């Protein structure tokens, strides 16, 4: 495996220890990086590390410090920080198992692939993987990586396992404070029927390759035009954006127009799957609506 492990250690379940290696499952997407430029000279702006009253300082003279009062710091060097030993730096102990859907998606942070570290670890690794798969459970534990201890979950993924770091409770804003003013009442039945018809029409199989960063593409196009001496008509672009994002006044008319416009989302429909049948737009009685859902 060409990639370097992000973490090496062992998964421990009671008295069973499984040596594993953890690899990042994601990578940074395409992006456009900008530099700060001094416009009159066209030269790049540089930054120096300076100390007030002293001036520029050498990187070797810089250490980490924790501010406990104004202008008062506790200084720590790398050896002292590394000396803080937690068992979870080398061992992920699975201390709890929960149903996969018991964890709200908002807590998930970043995924990692987990593989056995050697041939001897494979048997125990496969047993754990299949036990999690058959029970439909997710294993939970804590793991110290890169300067902090994370809550992590462990679940099957193909032939391997996926470990995901989770946010702590105090890192997530309570949803109630944002949602309290949104009404709970049921919407108009015909509007709801039109909306579900529109969702059915745009439903297909998820394929991440169907999507790409259009903003990055637009920036690249702008950069190429600027290199060739061309300019962007900002007034025209703003007018187009305003037209595309205009407020919807007649929701019923907008939904009906959306259903009839013939456009499809980037998601692909599963091969051989018949398109969703178009529903009648008349108001349905609760009995008819229930029968339709059961069908």
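The values are calculated or read from the model by the stated rules, or taken from the named source; none is laboratory data. Note that the structure is predicted; figures quoted are calculated from it, not measured. Every residue, glycine among them, receives a Cβ derived from its backbone with ideal geometry; neighbour counts consider all protein chains shown.
If I filter segment 172-207 down to residues being exposed (fewer than 10 other Cβ atoms within 10 Å of the Cβ) and under 29 Å from residue 148 (Cβ atoms), which single residue comes out as modelled with the highest pLDDT? Going through the qualifying residues, I end up with 173. If the condition is being exposed (fewer than 13 other Cβ atoms within 10 Å of the Cβ) and under 27 Å from the mean Cα position of the chain (by Cα), then segment 113-132 contributes only 130. Across segment 1-36, the qualifying residues are those that are modelled with pLDDT under 85 and more than 30 Å from residue 219 (Cα to Cα), and the one among them that is surrounded by the fewest Cβ atoms within 10 Å (Cβ to Cβ) is 2. Has segment 19-40 got any residue that is farther than 29 Å from residue 89 by Cα and in a strand (DSSP E or B)? Yes, that holds for at least one residue.
In the condition set (1) at pLDDT below 80; (2) within 25 Å of the chain's Cα centre (by Cα), residue 231 is compliant with all but (2).
Cβ separations smaller than 6 Å between residues 6+ apart or across chains give the following pairs from segment 110-123 residues that are assigned by TED's automatic domain parsing to the domain that holds residue 155 and modelled with pLDDT of 95 or more to residues that are buried (at least 16 other Cβ atoms within 10 Å of the Cβ) and assigned to a helix (DSSP H, G or I): 116/125. Can you pull out the residues in segment 180-206 that are within 26 Å of the chain's Cα centre (by Cα), under 23 Å from residue 105 (Cα atoms) and in a loop (DSSP other than H, G, I, E, B)? Listed by number, the residues that qualify are 180, 182, 203, 204, 206. Based on what the data block shows, is residue 88 outside any strand (DSSP E or B), in the same structural domain as residue 144 (by TED's automatic domain parsing) and within 17 Å of residue 143 (Cβ to Cβ)? Here the answer is yes, as residue 88 does meet what is asked.
None of 209, 177 is assigned by TED's automatic domain parsing to the domain that holds residue 254, part of a helix (DSSP H, G or I) and either at positive phi or without any contact (Cβ under 8 Å) to a residue 12 or more places away in the chain (or both) except 209. Taking the stated definitions as given, is residue 162 assigned by TED's automatic domain parsing to the domain that holds residue 20, more than 23 Å from the chain's Cα centre (by Cα), modelled with pLDDT of 95 or more and within 28 Å of residue 86 (Cα to Cα)? Considered against the rule, which asks whether it is assigned by TED's automatic domain parsing to the domain that holds residue 20, more than 23 Å from the chain's Cα centre (by Cα), modelled with pLDDT of 95 or more and within 28 Å of residue 86 (Cα to Cα), residue 162 comes out as no.
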